[in-house]
Amino acid sequence: MDVKVSKKLGLKDRYAAMTRGLGWDTTYQPMDKVFPYDKFEGIKIHDWDKWEDPFRMTMDAYWKYQAEKERKLYAIIDAFNQNNGHLGITDARYINCIKLFLCGISPLEYTASRGFTHVGRQFRGVGPRVACLMQALDEVRHSQTQIHSMSNYNKYYNGMHNWHHMRDRVWYLSVPKSFFEDAFSAGPFEFMIAIGFSFEYVLTNLLFVPFVSGAAYNGDMGAMTFGFSAQSDEARHMTLGLECIKFMLEQDPANVPIVQKWIDKWTWRGYRVLSLVSMMMDYMLPKRVMSWKEAWEIYFEENGGSLFKDLERYGIRLPKYTAQMEIDKEHLSHQTWATFYQYAAACNFHAWIPSDEEMDWLSEKYPNTFDKYYRPRLEYWRDEEAKGNRFYNKTLPQLCQVCQTPMIYTEPGDPTQTCYRESDFKGDKYHFCSDGCKDIFDDEPEKYVQAWLPVQQIYQGNCFTPEADPTAADFDPLIEVLKFYGMNIGRDNFDFKGSEDEKNFEAWRNLSTKN
Ligand code: FE
Ligand code: ZN
C-alpha cells in the first residue's frame, strides 16, 4: 500500500496519513482471527474511527521530542553524580525511599511497557494501537531513566544491588508486581481501564507528586529530574486513559456496567499499592511534602471527585470503596509503617521509629488517630529498643489472596480489629484483606487461586536456595529465605539505627564539609 506524504498536507491530514493511513483490514484471514482478544470481555465497539487521538503526534516528531528530553535529563544526572550530589540530601533515611521506588515502582514501568505492547497488538482500531505504541515506548524509557538516575546511589548504599531478582521473590514486592500482572493478564479493554484510566488518570498524582516533590524537598536532583522528564509523558498518558474510557462508554450503553466494575476493581487494587506511598510520605521522607491524608483529599477526593462528576452523564459513579478509603486515610500510613518496622529484618530497606519532632508532626496531621492509636505503640517499641529488645516479628502474616498485602489493616469502623474476609472455592478457603479484594476474587476465582503468595510459598518450602539444608541442626528458615531473596544480610536489612548506610553517610558528609 502506498502512502504519499506530501509536504503540502496540513498537520491533521499528515498525521492521519502517517497513522490511520497505515492500517488495513485483513483479507487472507478474517479480522476476528487476527484480533482474537478485543471481543471476549463483552465490550462492544461499533465504529473504531470514532477514536479521537488526543495527541496528534507522529513517530518522527515523537523521537525528536523525546531525544531532546533525554539529553537534558542525562546532563543533569551526570552533574549531580559528579558533584557527589548524594551527600547533599537531607539525611540518609531518604535513600530508603529510593530503594522502595527502584524495587517497587520502576519494574512496574517496564511491565507497563510490556502491557501496552501486548494490548496495542490486540486492538483492531488503528487509533488506540498508535497511542499504545507510544505509551509502551514512554514506559520503557521511564524504567530506564529511573534506573539510571538512581544507580549512582547503588555505588554507595545498600539494598539496591539486586532489585530485579528481588522483584520476583521479596514478600512486599509481590503487592505491586501482582497488581500489574493482574492487569496485563486481563483483556485489552480491562488493561486500559486498569492502567490507562484508574492508575494513570485517577491515582498517578498520588504516586508521582509525593515522590518527585519528595525528591526535590530532600535534595535529590537526579530523581527530581527524571520526574520532570516523565511529566510531559504522563500528561499524554492521562489523556489516553480518559479518551479510552469515553470511547468505550460512548460506543454502547452495554459497556457501562462492565467499565464500572473495572473502575471499582482497579481503583481498589491501585489504592492498595499506594499504601507504600502513604508510609513514604508520612514516615520515610526526612523533609515531608504533605501528609498522606492531605494528598488523598486533594488528589482523590477533590480532583477525582470532579472527574467522576463529569462521568456521571455516562452513568458512571464513584468507585465502590470510596467510603472505606475516606475512613482509612486516617490510618493507612501508620498501619503500613508499623508493619515494615516489625518486618525490617526481611526487607531490603531500613525502618525506624520517628523522632519526637516527627511524631508531633504526625499528631498535628492526624489529630483524630495518631495519639490515640499509633503513638503509644511507637513509643512502646522505642522503649523496648532502648532496653536492647528491638522488636522483629518472626511470625509470617496471613496474606490477601488478591492484593497480596499482609492482613495488616483494620475494620472500616474499628481500628482495633484486624479486617479479614474469606471465600470458599472448590473446597478450599481463601482469605482477603477487605471487602474490595473479596469482591474481586468472587468475580473471577479461577484467576486468583493461581496467585504466587510469598508467605504460602515459604511455608511450602519453595523459597530456599538449592544449597539450603532443612535437615541441618542449625537450619534457620528466616536466614535461608533472605538468602533466596538475594539480600546482603546485616547490610540491606534491620533498623536504620546502626546501619552501614547511616554510618557511611555521616562519615562521608563530614569529610565533604570539614578537614
Ligand atoms: Fe510511566
Ligand atoms: Zn487485599
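The values are calculated or read from the model by the stated rules, or taken from the named source; none is laboratory data. Since the model is a prediction, treat every value here as computed from it, not as a measurement. Glycine gets a Cβ as well: all are built from the backbone with ideal geometry, and neighbour counts include every protein chain shown. Accessible surface areas use protein heavy atoms only, side chains included; no ligands, DNA or RNA. Shrake-Rupley method; radii C 1.70, N 1.55, O 1.52, S 1.80 Å.
Taking the condition of a type in the set (K, R), at pLDDT 95 or above, more than 11 Å from ligand 2 (Cβ to nearest atom) and open to solvent by 20 Å² or more (accessible area, probe 1.4 Å), does K438 pass? In short, no.
Can you report the number of residues in region 155-182 which are part of a helix (DSSP H, G or I) and either within 16 Å of ligand 2 (Cβ to nearest atom) or closer than 13 Å to G222 by Cβ (or both)? Let's see the steps before the verdict.
If we filter region 155-182 for residues that are part of a helix (DSSP H, G or I), which is where we start, we get 163-167, 171-182.
From what is left, the residues that are either within 16 Å of ligand 2 (Cβ to nearest atom) or closer than 13 Å to G222 by Cβ (or both) are 171-182.
Residues that pass the stated criteria total 12.
For region 81-124, a residue qualifies if it is open to solvent by 10 Å² or more (accessible area, probe 1.4 Å) and over 29 Å from F180 (Cβ atoms), and the qualifying residues are N81, Q82, N83, N84, G85, L87, G88, T90, D91. What are the residues in region 183-209 that are in a helix (DSSP H, G or I) and of a type in the set (S, T, N, Q), if any? Once the filter is applied, which keeps residues that are in a helix (DSSP H, G or I) and of a type in the set (S, T, N, Q), region 183-209 yields S198, T204, N205. For region 135-149, name all the residues that are surrounded by 23 or more Cβ atoms within 10 Å (Cβ to Cβ) and more than 11 Å from ligand 1 (Cβ to nearest atom). Matches in region 135-149: S149 only.
Matching residues to (1) surrounded by 23 or more Cβ atoms within 10 Å (Cβ to Cβ); (2) over 12 Å from the mean Cα position of the chain (by Cα):
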site: H165; (1), (2): no, yes
site: V175; (1), (2): no, no
site: F184; (1), (2): no, yes
site: G187; (1), (2): no, yes
site: F191; (1), (2): yes, yes
site: F197; (1), (2): yes, yes
site: V202; (1), (2): yes, yes
site: P210; (1), (2): yes, yes
site: A215; (1), (2): yes, yes
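Number of residues in region 291-321 that are free of Cβ contacts under 8 Å to residues at least 24 places away in the same chain and either in contact with a strand residue (DSSP E or B) (Cβ under 7 Å, 6 or more places away or on another chain) or over 19 Å from F199 (Cβ atoms) (or both) equals 3. For region 227-243, the set of residues classified as without any contact (Cβ under 8 Å) to a residue 40 or more places away in the chain and of a type in the set (S, T, N, Q) consists of Q231 only.
Looking at C463, C433, C400, which one is touching a His at 6+ places or on another chain (Cβ under 9 Å) and either within 16 Å of ligand 1 (Cβ to nearest atom) or in contact (Cβ under 8 Å) with a residue 12 or more places away in the chain (or both)? Outline the logic, then answer.
On the way: C463 fails: touching a His at 6+ places or on another chain (Cβ under 9 Å); C433 fails: touching a His at 6+ places or on another chain (Cβ under 9 Å).
C400 is the lone residue from the list that is touching a His at 6+ places or on another chain (Cβ under 9 Å) and either within 16 Å of ligand 1 (Cβ to nearest atom) or in contact (Cβ under 8 Å) with a residue 12 or more places away in the chain (or both).
If you go through region 316-338 and keep only what is more than 17 Å from L203 (Cβ to Cβ) and open to solvent by less than 10 Å² (accessible area, probe 1.4 Å), you end up with H334, W337, A338.
Residues considered: N205, N152, N162. Of these, the only one that is more than 16 Å from ligand 1 (Cβ to nearest atom), more than 25 Å from A451 (Cα to Cα) and polar (S, T, N, Q) is N152.
Restricted to helices (runs of 4 or more DSSP H) entirely inside region 445-499, those with at least 1 residues that are of a type in the set (A, V, I, L, M, F, W, C) are 454-459, 477-485. Is it true that F180 is within 27 Å of F308 (Cα to Cα) and either open to solvent by 20 Å² or more (accessible area, probe 1.4 Å) or in contact with a strand residue (DSSP E or B) (Cβ under 6 Å, 6 or more places away or on another chain) (or both)? The answer is no for F180.
Applying the selection to region 356-391, what residues are in a loop (DSSP other than H, G, I, E, B), among the aromatic types (F, W, Y) and without any contact (Cβ under 8 Å) to a residue 60 or more places away in the chain? Once the filter is applied, which keeps residues that are in a loop (DSSP other than H, G, I, E, B), among the aromatic types (F, W, Y) and without any contact (Cβ under 8 Å) to a residue 60 or more places away in the chain, region 356-391 yields only F391. With respect to the conditions (1) open to solvent by less than 10 Å² (accessible area, probe 1.4 Å); (2) modelled with pLDDT under 90; (3) touching an Asp or Glu at 6+ places or on another chain (Cβ under 9 Å), G222 falls short on a single one, namely (3).
The helices (runs of 4 or more DSSP H) located wholly in region 82-154 include none with 1 or more residues which are touching a helix residue (DSSP H, G or I) at 6+ places or on another chain (Cβ under 7 Å) and within 16 Å of ligand 2 (Cβ to nearest atom).
Set side by side, the residues M221, M279 differ, and just one is within 29 Å of E358 (Cβ to Cβ) and touching a His at 6+ places or on another chain (Cβ under 9 Å), which is M279.
Only one of the listed residues (G270, G227, G305) is within 16 Å of ligand 1 (Cβ to nearest atom), under 30 Å from D435 (Cα atoms) and open to solvent by less than 30 Å² (accessible area, probe 1.4 Å). That residue is G270.
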